[in-house]
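**Q** Submitted below is the structure of interest, expressed as structure tokens.
Bear in mind these aren't lab numbers, they're just calculated from the coordinates by the rules spelled out. Bear in mind that the values here come from a model prediction, so they are computed numbers and not experimental data. Glycine gets a Cβ as well: all are built from the backbone with ideal geometry, and neighbour counts include every protein chain shown.
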Amino acid sequence: MRALLWFVGRKLAGVLMTVAVASLAIFAALYVAPGDPASLLAGGHQPSPDALARIRAQYHLDDPFAAQYWHWLSGVLSGNPGESMVLGEPVTALIGARVLNTALLVGYASVLILGIGVTGGIVSALGRRSLDVAITGTTTVLIAAPAFVAAIVLIWVFAIELAWFPVYGSGTGFADRIHHLTLPAVALSLSYLAYVTRVTRSEVRAAAEADHVAAAAARGLRRRTVLRRHVLRNAAPPVLAVSGVTVAGLFAGTAVAEQAFGVPGLGSLLVQSAARQDLAVVQVLALLLVAAFVLVNMLVDVVNAVLDPRLLRSGESA
Amino acid sequence: MTTLTPTRRAWLDPVHRVATVGWASASAGAVCCVVVLVAVFAPWLAPHDPNAVDPLNALAPFSAEHPLGTDDLGRDLLSRLIAGTRAGLAGPLLVVLASGVAGTALAVSAAWFGGWLDAVVSRVLDILFAFPGLVLAITVVAVFGTGFLAPVVALSIAFVPLVARVMRAAALRERSLPYVEALRVQGFSGRHICLRHLVPNLAPLLFVQAAIGFGYAMLDLASISFLGLGLQPPAADWGLMIANGQPSILAGAPQQSICAAVAVVVTVVSFTVVAERLATRFGGGR
């Protein structure tokens, strides 16, 4: 238990340090950019002198760099990361209106990846040969389907030709939202899902071929017990590690899925803000996405360490 | 057996090689060659001007005049696909070159000098790893504006840790080999040993890394143009074509998006298959 707490603490310190450095890099991006930071924060267009003065005051742009950074960071941490000059709205309002869609989308896609991917992999590894061939063949094709390609094919087939799902938007109410988010979630998860299926299949295969599994079966344990206690338990850590990394990757992937299906979420907000050069919004969103990515990765490491305590002792885990 | 006899016909040699390579790798290799040739000779191969607008002929289906049909402005899709190969290949090539050079330089100096330099480089790489490539690219575009170069620069940065991590491990292994010590005893400088011996010995691994990275870079760059953050219209670019064709899908004319999507997927898969093949041939890989 102490080893576990120590492990969590070390990981948490790593996360904090990474996020801190990321925030510094993201804020410093303003100064790498050509031109006046104030007009950049205003969206790169022709801002009025009045607006420029407001930005200078809001970001303390006349202070030294360290003070500016501190003002920005403490603003972000205290929930007041400033205002989008292009849209004339506080960044928190922009994020608040969209965060639910993105959370639902990532959750939906994760359920698809873990539910279908892991089940498919187990069935493929332990089931009939014909099933294995079918699953392996399908995943080979799907692995090569990036989100934007999956999105247009899904729109074409399921939204236009079959008209089962809406083409754009996010819907209202829970059931309607899920209905609207189905195609984006499938588009987002398809290649990851195929990848997780393949990894699960090979890990379960490898675990089932171990000598101790044959020994357990020879001792007369029921097949179900052997599978649960000896095969799946041993196959779980690598599968979990891979699925965790893919789920963490979903946060960045939302940009493509939301943009393709016109879902108002954090990813599409990031893309649209970047196209408008609305740096005030981009900075906060980039930091949020990096933090989410790092946090999910940490959670996966911790769950893995619980499943496989040997990891607690090793200095570095993958 | 007969292939070893002196009477074997030289022109059959490629055929024999293909037979030993397997049809999947062989066709992937063929696709790669075709795509590269198309990119080189694009202006002469395109049947029409890729930017010639013909509104009366918009969203035309397949025909002899337009083998892949036309887009919403009546532009010939085959010509636009052909024109798009240039940006499609140049982007990933620049990414793997830049990240390969920077990653190797970092990795070799970290492995050679060790100590605090190695510690700092490793920490920085770990932190860079935490940036999803797409988020990094979008942030860089927000700062420098859309276009061809900003996404390429951003992706190169995102790929550096991937290259450097593998190269550092390999450089550490290489450094501990006896020949390095032998050269040092003979009085060669560290720079000489690194540049003349260490880096050339790492070159095959770097080549494999670059080959594998090429496909991923191509996918990421296509994603970025799909999001409208790369090349801007009216440029002929595959990712951009997929996005531009989206409204036409609703009008029942999916050809623009579908053709460009097929082009991206087939090219990426072919380059990746060839890269994996190279990886098993040269070892290393993943």
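**Q** Over every pair of different alpha-carbon atoms in the range B:155-278, take the mean of 1/r and invert it; report that Kirkwood radius in Å.
**A** After inverting the mean inverse Cα-Cα distance, the result is 17.5 Å.
**Q** Also, I was wondering about something else. Taking Cα atoms, how many degrees apart are the long axis of helix B:255-282 and the longest axis of chain B, rounded to 10 and kept between 0 and 90?
**A** Taking Cα atoms only, the helix is inclined about 20 degrees.
**Q** Give the Rg (one decimal place) followed by the Dmax (whole number) of the range A:159-216, computed from C-alpha coordinates and expressed in Å.
**A** 19.3, 55
**Q** Give me the one-decimal Kirkwood hydrodynamic radius in Å for chain B, with the sum taken over alpha-carbon pairs.
**A** Here the Kirkwood hydrodynamic radius works out to 21.4 Å.
**Q** Take the Cα atoms of the range A:51-128, find their three principal axes, and give me the spread along each one in whole Å, biggest first.
**A** Ordered largest first, the range A:51-128 gives principal extents of 70, 26, 19 Å.
**Q** Most exposed first by the Cβ proxy, i.e. fewest other Cβ within 10 Å, how do B:259, B:33 rank?
**A** Taking fewest neighbouring Cβ atoms as first place, the list is B:33, B:259.
**Q** For peptide B:230-242, how many partner chain Cβ atoms fall within 10 Å of a residue's Cβ, on average?
**A** The shielding value for this peptide is 1.
**Q** Could you work out how far helix A:279-307 tilts from the main Cα principal axis of chain A, as a 0 to 90 degree angle to the nearest 10?
**A** Roughly 20 degrees, rounded to the nearest 10.
**Q** Cut-off 10 angstrom, C-alpha nodes, Gaussian network model of chain B. Which of B:214, B:131, B:159 fluctuates the most?
**A** Most flexible of the set in this elastic network: B:131.
**Q** So for the range B:187-228, what are the equivalent ellipsoid semi-axes in whole Å, largest first, each being the square root of 5 times an eigenvalue of the Cα gyration tensor?
**A** 36, 11, 4
**Q** Given only helices, namely DSSP H runs of n ≥ 4 each adding -39500 (n - 2.57), what is the per-residue ellipticity at 222 nm of chain A, to the nearest 500 deg cm²/dmol?
**A** -23000 deg cm²/dmol
**Q** Please average, across the residues of B:256-268, the number of beta carbons from any other chain that are within 10 Å of each residue's own beta carbon, and give a whole number.
**A** Mean inter-chain Cβ contacts per residue within 10 Å come to 3.
**Q** Could you work out the relative contact order of chain A? I mean the mean sequence separation of Cα pairs under 8 Å and 6+ apart, divided by the number of residues, in percent.
**A** For chain A, the relative contact order is 25 percent.
**Q** Amide H of residue A:263: which non-local residues (sequence gap of 5 or more, or other chain) have their own amide H closer than 5 Å, using H built in the peptide plane?
**A** A:169
**Q** Further question on the same structure: What fraction, in whole percent, of alpha-carbon pairs in the range B:200-251 exceed 17 Å separation?
**A** Pairs farther apart than 17 Å: 51 percent.
**Q** Order these peptides, B:223-230, A:8-15, by their mean beta-carbon neighbour count within 10 angstrom, highest first.
**A** The most tightly packed comes first, giving B:223-230, A:8-15.
**Q** Counting Lys and Arg as +1 and Asp and Glu as -1, what is the net charge of the other residues whose Cβ lies under 15 Å from the Cβ of residue B:197?
**A** +3
**Q** May I ask you to work out the translational diffusion coefficient for the range B:35-173 at 10 °C, viscosity 1.306 mPa s, via Stokes-Einstein with Rh from the Kirkwood sum over Cα pairs, reported in whole µm²/s?
**A** It diffuses with D of about 89 µm²/s by this estimate.
**Q** Another one. May I ask for the Rg/Rh ratio of the range A:139-254, computed from Cα atoms with Rh as the Kirkwood radius, given to two decimals?
**A** For the range A:139-254, the value is 1.16.
**Q** Compute the orientation-averaged projected area for the range B:64-114 from the convex hull of its Cα atoms and round it to one decimal in nm².
**A** 4.7
**Q** Stick to Cα atoms and the Kirkwood definition of Rh, then tell me Rg/Rh for the range A:198-304.
**A** Checking Rg against Rh, the ratio lands at 1.25.
**Q** Kindly express, to the nearest 10 degrees and within the range 0 to 90, the angle between helix B:133-144's C-alpha long axis and the longest C-alpha principal axis of chain B.
**A** The two axes meet at around 70 degrees.
**Q** Could you list, bin by bin from short to long, the percent of Cα-Cα pairs of the range A:1-114 in 5 Å steps?
**A** Answer for the range A:1-114: a P(r) of 2, 9, 14, 16, 16, 14, 11, 8, 5, 3, 1, 0 percent.
**Q** Under the rule of at least 5 residues apart or a separate chain, name every residue whose amide H is placed under 5 Å from the amide H of residue A:83.
**A** A:91
**Q** Please report the equivalent ellipsoid semi-axes of chain A, computed as sqrt(5 x eigenvalue) of the Cα gyration tensor, largest first, in whole Å.
**A** Largest first, chain A gives 43, 27, 14 Å.
**Q** Here's something else I'd like to know. Which value, in nm² and rounded to one decimal, describes the direction-averaged projected area of the C-alpha convex hull of the protein assembly as shown?
**A** If I average the Cα hull's projected area over directions, I get 36.8 nm².
**Q** Same structure, new question: Using a Gaussian network model of chain B with C-alpha springs under 10 Å, which one of B:105, B:182, B:58 is most mobile by mean-square fluctuation?
**A** B:182
**Q** Quote the convex hull volume per residue of the range A:87-176, based on C-alpha atoms, as a whole number of Å³.
**A** 150
**Q** Name the most mobile residue of A:225, A:18, A:140, meaning the one with the largest mean-square fluctuation, in a Gaussian network model of chain A with Cα contacts below 10 Å.
**A** Looking only at A:225, A:18, A:140, the biggest GNM fluctuation is shown by A:225.
**Q** Then there is this: Taking the simple approach of a point 7 Å from Cα along Cα-to-Cβ for both residue A:53 and residue B:177, what is their distance in nm?
**A** Going by the 7 Å Cα→Cβ label model, 6.8 nm.
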